[in-house]
Amino acid sequence: MVFSLLDELQQSLRERADAGLLRRRRTLATPQGALVEVDGLQLVNFCSNDYLGLAAHPDLIAAAQAGAARWGVGSGAAHLVAGHFVAHEAFEQAFAAFVGRPAALSFATGYLANLAVVTALVGRGDAVFADKLNHASLNDAVVLSRADFKRFAHNDLVQLERLLAESTARRKLIVVDAVFSMDGDLAPLAEMLALAERYDALLYVDDAHGFGVLGDGRGTLAELGLQSPRLIQLATLGKAAGLGGAMVAAEPVLIDWLVNAARPYIYTTAAPPLLAQAGLASLRLITEGAGLRDTLRRHVAAFRGAMQACGAQLLDSATPIQPILVQDNQRALALSDALRERGYWVAAIRPPTVPTPRLRVCFSAAHSDEQVAGLCATLQELLRA
Ligand SMILES: *Cc1c(COP(=O)(O)O)cnc(C)c1O
């Protein structure tokens with residue numbers, strides 16, 4: 001039995017390899033940054049979500065070191081047992097104040113936060129309304145919640161409204177990525193909030209890619225000027241914030257409910273308090289990061305100009321996530337390989353992560369203008385070939 005199962009897995013891996021869908025990890029021998037050493041190669045890195053270049057910032061390193069000296073390394077327990085520290089409290093309060101909400105709750109990862117929020121708010125007899133391009137962690141959360149899973153086509157407000165109007169569910173929760181992680185475009189959040197009000201739903205916004213980047217760093221809701229007690233905001237901290245972990249900001253009663261009822265919050269060890277201490281430093285860098293965000297916008301504009309000039313198939317994205325659609329998986333892999341040979345690291349993203357294969361180019365304020373120009377020139381040459 002065990003051995004036939006192993007044979008089956010081997011066969012499945014072979015099939016994936018034949019379809020150009022095998023995944024493997026590449027190993028970094030340097031800190032995250034614009035220039036990294038990967039599997040023995042020096043590459044200019046256009047793969048990471050370290051949008052502001054903070055992952056190895058000296059202030060964060062110093063704060064993490066000070067945090068380790070002050071609090072040790074491990075938290076030792078879950079938040080409700082003995083793992084909740086002064087550092088976590090201070091970071092939650094500072095985060096809530098920064099994004100302009102009354103309360104916030106910290107999580108060890110964004111994936112866990114999504115599982116926690118959705119499963120604590122809805123269950124059997126309730127309904128979740130979700131964009132088809134939402135992040136996998138949100139989809140997993142809905143399945144775990146056992147609520148009815150109503151998916152609408154990407155950014156399709158007409159279909160969303162129809163689903164809301166038809167629904168007889170007791171509780172309704174709309175769930176969307178604020179910035180779509182593989183496409184870089186935004187959800188129409190103002191219109192969605194209006195629908196949430198009309199149909200008495202809550203709106204949960206996963207701002208993994210907007211926090212730190214949009215709205216002067218406060219995220220997509222701040223960018224769009226949206227405020228409402230119906231809004232629940234997730235910021236993940238492993239991307240622009242340069243840390244790891246996540247924060248959920250919402251009304252105090254909702255935060256209290258999560259602490260009491262969200263199993264993915266309750267039954268896991270708290271993140272090391274040194275990370276919360278580094279989080280306070282990260283909030284300062286994000287607050288003072290207007291220049292970093294200007295640099296990021298300059299890189300995105302230069303890239304889009306150069307790619308439009310050579311007829312590359314871009315998506316409608318103004319964020320640091322800039323996909324180039326290509327005809328098939330093999331072409332995506334071949335382009336990614338050719339870029340690597342020329343010193344550039346760009347991910348080929350394929351099904352099932354996305355419906356259509358693409359190169360996903362991610363910009364960081366850590367990139368120099370020369371690095372961006374070099375990527376553009378190399379891509380222009382490769383795409384013409
Ligand atoms: C990265 C990401 C997550 C998961 O956050 P982690 O902290 O990496 O677990 C959730 N949602 C979206 C949209 C993401 O891009």
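Points to keep in mind about this one:
- The base-10 log of I(q)/I(0) for the range 107-256, evaluated at q = 0.09, 0.15, 0.17 Å⁻¹, reads -0.23, -0.69, -0.90 [Debye formula, identical scatterers on Cα atoms, solvent excluded].
- Taking each DSSP H run with n ≥ 4 as -39500 (n - 2.57) and averaging over every residue of the chain yields -14000 deg cm²/dmol at 222 nm.
- Karplus-derived 3J(HN,Hα) values for the range 304-310, using 6.51 cos²θ - 1.76 cosθ + 1.60 with θ = phi - 60°, are 5, x, 5, 6, 5, 5, 9 Hz; glycine and proline are entered as x.
- Comparing P355, L214, M307 along the charge dipole axis of the chain, the residue lying farthest to the positive side is P355, per the Cβ-charge model.
- Measuring nothing but protein heavy atoms, the accessible surface of the chain at 1.4 Å probe radius is 54 percent carbon and sulfur.
- With all protein chains kept in place, the per residue accessible area of the range 220-365 amounts to 40 square angstrom at a probe of 1.4 angstrom.
- Label point at L383 placed 7 Å out along Cα→Cβ; residues across the range 352-368 whose backbone nitrogen lies under 17 Å: 357-363
- One chain, two ends: E8 and F149. Fully extended at 0.36 nm per residue, the span grows by 47.7 nm beyond their Cα-Cα distance.
- The calculated FRET efficiency for L41 paired with C310, based on their beta-carbon distance and R0 = 22 Å, is about 0.30.
- Cα centre as origin, Lys/Arg/Asp/Glu Cβ charges: the chain dipole, Debye: 360
- Legend: calculated FRET efficiency, T353 to A90, from the Cβ-Cβ distance at R0 = 41 Å, rounded to 0.05, equals 0.65.
- Here the simple spin-label model places points 7 Å from the Cα toward Cβ, and for R342 and R16 these points are separated by 3.0 nm.
- Net dipole in debye of the range 59-287 [+1 Lys, Arg Cβ; -1 Asp, Glu Cβ; about Cα centre; nearest 20]: 500
- Rounded to the nearest whole angstrom, the semi-axes of the ellipsoid equivalent to the chain, taken from the Cα gyration tensor as √(5λ), stand at 32, 27, 23, largest first.
- Averaging the Cα positions of each part gives two centres, and for the range 245-284 and the range 112-154 these lie 20 Å apart.
- Among the trypsin sites (Lys or Arg not before Pro) in the range 158-245, those located in a DSSP loop and surrounded by at most 13 other Cβ atoms within 10 Å of their own Cβ are R170.
- In terms of Cα atoms, the Rg and Dmax of the range 1-149 work out to 21.0, 56 Å.
- Where labels lie 7 Å past Cα in the beta-carbon direction, separation of L28 and D140 in nm: 2.1
- Total charge dipole magnitude, the range 86-145, about the Cα centre, Cβ charges on Lys, Arg, Asp, Glu only, Debye to nearest 20: 120
The values are calculated or read from the model by the stated rules, or taken from the named source; none is laboratory data. This is a predicted model, so every value here is computed, not measured. Glycine gets a Cβ as well: all are built from the backbone with ideal geometry, and neighbour counts include every protein chain shown. Accessible surface is based on the protein model in full, side chains and every heavy atom, while ligands, DNA and RNA are left aside. Shrake-Rupley method; radii C 1.70, N 1.55, O 1.52, S 1.80 Å.
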